[in-house]
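Beneath this line is the structure, given in structure tokens, with notes to follow.
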Amino acid sequence: MKQNNTTKRIAKNTLMLYFRQILIMIVSLYTVCPKQAIKMVANNEGFLYPKINNDLCIKCGLCEKRCPVLNPITKESEQTEAYAIINNDEEIRLQSSSGGVFSAIAQDVINQDGIVFGAKFDCDFNVIHGYTDSIEGLADFRGSKYVQSTIGETYKECKTFLDKGKLVLFSGTSCQIAGLQSFLGKKYDNLLLVDIICHGVPSPLLWSEYKKHHEKKADSRIVKASFRQKDEGWKLFSLGFTFGNASEYRQTLKNDAYLKLFLKNVCLRESCYDCKYKTEKRLADITLADFWGIQNVYPELDDDKGTSFVIVHSDKGKQYISNLKNCIIQEVALERGVKYNMAYLFSYKLSRKRKLFFSDLSKFSYEKISLDKLVKKYTIDSYFAKCCIFVRRILSKIKKKLRSIFF
């Protein structure tokens, strides 16, 4: 009897997870609803999920027909090529997370009287999707945004531009690209899709509390934010804030609380631990990432200012890469770049601390505990983990020494 109850519970949990994944995908389809019966509502972790208003729903089934989980979008097999790319414009490169290739592609689109969509900060430094038709406007889209972005009405806006014959570049995470494709319902020759190798998206609630924490410490409002400052180098990037009173905060990935939570996979959206879009058969024409490990592949391209890893999935994507101007472009074997970007194919393991962290975050109060102490509780390494890190460092040094001697 006990075994039967356990089996039923596992089956129930599996079924609930399946339906949750379906609902997650409706996040990209709520704009399809003819009655606007689907709204996005934040859960207790701060992530946006769809909520259906049954009083407005007419049971037309359109959301189910367009859902990429129920109706997976297939893509014809096309040759995949990979490149290491650096934008020769030093200013743009330093403002970018890696090599600045996104700006180079986007400038080409703008120069053809096109429109570029991407993630940017709003006036309160929340992360949203938006668009621009100017070269100057591209600055808003530079740099990584380690928060779940709000799509808003951008799918509708994208379709409007496409139907008018405008050239459109739409950039986002792989799941956002799948959502757009499902929403559009057909292919457009005037649409260029660009996705990223995504680590996962942290909670907007955590980001909101983190901003409040630093504004309280600085006793001033944030006027500028950056997730990927390169002051101490590309490999040791920093998270930084500038405040209205001219004070600043800046810490590297090893010391900043938010980045530690992110990189230790404690604060990601639940679906990110089992992402269905980490695959070689991408819907995007071009995939962008940091070329971690470039020092081992093309040392001459490693000046610690950032190099882009670019994967091309279509003839359209290849055409744009081939037409890039003012860029250093070096073709590379796909597997050599993916070796240092395994998030291209695999999701990160669900942290055992995640559930407890979000439970504490939902009850967070500055009067009871500081955010620094809360974060430290969930990011401090165990003694065993510290030993493993130490051993890996020693082995890495030995490996490099042997390589220098024998090769």
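The values are calculated or read from the model by the stated rules, or taken from the named source; none is laboratory data. Bear in mind the structure is a predicted one, so any value in this text is a computation, not a measurement. Don't worry about glycine lacking a Cβ; one is built from the backbone with ideal geometry, like all the others, and counts go over all protein chains shown. To get the accessible areas, we keep the full protein, side chains included, count just its heavy atoms, and leave off ligands, DNA and RNA. Shrake-Rupley method; radii C 1.70, N 1.55, O 1.52, S 1.80 Å.
About its Cα centre, what dipole magnitude does segment 309-372 give when the only charges are +1 on Lys and Arg Cβ and -1 on Asp and Glu Cβ, stated in debye to the nearest 20?
About 260 debye.
Restriction of the GluC sites (Glu not before Pro) in segment 283-367 to DSSP coil positions whose beta-carbon has at most 14 other beta-carbons within 10 angstrom yields E367. The protection proxy used here, the mean number of other Cβ atoms lying within 10 Å of each residue, ranks peptides 54-64, 276-286 as follows, highest first: 276-286, 54-64. Per atom type, segment 224-353 shows carbon and sulfur on 48% of its accessible surface, probed at 1.4 Å.
Here K235 is the anchor, and the lysines within straight C-alpha reach of less than 20 Å, apart from those fewer than 8 places off in the same chain, are K145, K254, K260, K264, K305, K339, K397, K400. Treating r as the C-beta distance of E215 and I405 and R0 as 51 Å, the FRET efficiency rounds to 0.45. A simple charge model with +1 on the Cβ of Lys and Arg, -1 on the Cβ of Asp and Glu and nothing else charged puts the dipole of segment 58-170 at about 600 debye relative to its Cα centre.
Protein heavy-atom accessible surface, 1.4 Å probe, per residue over segment 212-284: 47 Å².
Computed across segment 187-331, the Kirkwood hydrodynamic radius from all distinct Cα-Cα pairs reaches 17.9 Å. Under a model in which nothing but the beta-carbon of Lys, Arg (+1) and Asp, Glu (-1) is charged, segment 158-249 shows a dipole of about 220 debye around its Cα centre. In terms of packing, defined here as the mean over residues of other Cβ atoms within 10 angstrom, the peptides 287-296, 355-364 line up highest first as 287-296, 355-364.
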